[in-house]
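Quick note: the coordinates plus some simple rules give every number you see, no bench work behind them. Predicted model only: the values in this text are computed from it and were never measured.
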Amino acid sequence: MTYRILLKSKVEENLLRKIQSKHRDDVEGINDLYESLILHKTCDSDIPSRIYYVAYTLALEKIEIIIVRLN
């Protein structure tokens, strides 16, 4: 199954970059999710823990998101 994060509203790129730089080494493969989120305003993963970790780090900054299960 694939999971997707969607941003509920526009988020400044510099804030997303700040979150990325703080957490990119915490979980293997997570940096790619942040990069996709910055470039496309969405990110997908087949590994739920990665999606939920990104969601957690965004929630720490009060960024509202939607998580969708695909397939």
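Counting pairs of Cα atoms in the range 24-64, how many percent are more than 12 Å apart?
So the pairs more than 12 Å apart make up 57 percent of the total in the range 24-64.
Debye sum, Cα scatterers, the chain, no solvent: what log₁₀ I/I(0) at q = 0.12 1/Å?
Debye intensities relative to I(0), on a log10 scale: -0.25.
Sequence gap of 8 or more, or different chains, plus Cα separation below 13 Å: how many lysine pairs satisfy both in the chain?
Count of close lysine pairs: 4.
What percent do you get for the relative contact order of the chain when only Cα pairs under 8 Å and 6+ apart count?
Relative contact order of the chain: 55 percent.
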